1. Taking θ as phi - 60°, what are the ³J(HN,Hα) couplings along the range 51-64 by the Karplus curve (6.51, -1.76, 1.60), each to the nearest whole Hz, with x for Gly and Pro?
2. Could you list which residues have their amide H under 5 Å from that of ARG66, counting only those 5 or more apart in sequence or on another chain, with H placed in the peptide plane?
3. To make sure I understand the rule: partners must be lysines, Cα under 23 Å from the Cα of LYS90, and not fewer than 8 residues away in the same chain. Which ones qualify?
4. Indicate the gyration tensor shape class of the chain (rounded, prolate or oblate), computed on the Cα atoms with a ≥ b ≥ c the square roots of the eigenvalues: a/c under 1.5 is rounded; otherwise a/b larger than b/c is prolate and the rest oblate.
5. Could you size up the charge dipole of the chain around its Cα centre, putting +1 on the beta carbon of Lys and Arg and -1 on that of Asp and Glu, and report it in debye to the nearest 20?
6. So which aspartates and glutamates pass the test for LYS131, namely a Cα distance under 12 Å, with those fewer than 8 places away in the same chain ruled out?
7. Please list the non-local residues whose amide H lies under 5 Å from the amide H of LEU183, H modeled 1.01 Å from N, same-chain partners needing a gap of 5 or more.
8. Rounded to a whole number of µm²/s, how large is the Stokes-Einstein D of the range 148-210 at 25 °C and 0.890 mPa s, given Rh as the Kirkwood radius over C-alpha pairs?
Amino acid sequence: MRENVSITDRAPQLLDVLDDAGRKILFTDARTANTFATTAVTDDELATIWELARWSPSAANGQPLRVLFVRTREGKERLIRHLDEGNRAKTLSAPAVAILAYDVDFHDQMPTVFPARGEMLRAAFADQTEKRESIAGYNSALQTGVFLLAVRAAGLAAGPMAGFDRAGVDEEFFAGTSWRSHLVVNIGHPGADPWFPRLPRVPVEDAIAWA
């Protein structure tokens, strides 16, 4: 005779814990790079970054983040004309650059990414352009944090930058599409003197609360 076992009586599922080496790579020793070595970043490495980043959480699994990898000198020249002056030289020197964008028409993918309710969600968002823009911006920012961790997990350094003309970048690279740029990320192996001094963190007592 089978015993009835309640959910509360079942053994909890124990998840793996990231070891100290992994924590250093992703968090405590990781830094924003400001110079890059000439070592090439391969297409396979960039593909690996996306393969990791695409598992990020997002509302209703909407996944609005889009990425344009810029690898050629010509592509970087097109990009830097829209960057703040202080960001141009390091972008030219980076082996690869990712323009992170969000898709304001992410709802068109809902039947694919959320099969159970996709058609309903696509129809619900169809005439809500401003709401889609807000949702896409917030969730792509969430996915962007995971993208930066993916760069680190792939053994590379990231140099994210918000100092650029978004309208100019959108016209340059995304004209006629529903993609909207929101961050530029230089990617490569650290070069000479790549790190600024580590800046302080917000004190724990000012950053968290308990209830």
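1. So the J values, rounded to whole Hz, are 4, 7, 5, 6, 8, 4, x, 7, 4, 6, 6, x, 6, x.
2. ALA101, TYR102, ASP103
3. The qualifying lysines are LYS76.
4. Values: a/c = 2.00, a/b = 1.25, b/c = 1.60.
Oblate, because a/c is 1.5 or more while a/b does not exceed b/c.
5. Values: 23 positive and 28 negative charges, 41 e Å.
That gives a dipole near 200 debye.
6. Reachable aspartates and glutamates: ASP105.
7. Answer set, sorted by chain and number: LEU100.
8. Values: Rh = 15.1 Å.
Diffusion coefficient, whole number: 163 µm²/s.
The values are calculated or read from the model by the stated rules, or taken from the named source; none is laboratory data. A quick note: this is a predicted structure, and the numbers were derived from the prediction, not measured. Note: ideal-geometry Cβ built from the backbone for every residue, glycine included; neighbour counts use all protein chains shown. Only protein heavy atoms, including side chains, enter the accessible area calculation; ligands, DNA and RNA are left aside. Shrake-Rupley method; radii C 1.70, N 1.55, O 1.52, S 1.80 Å.
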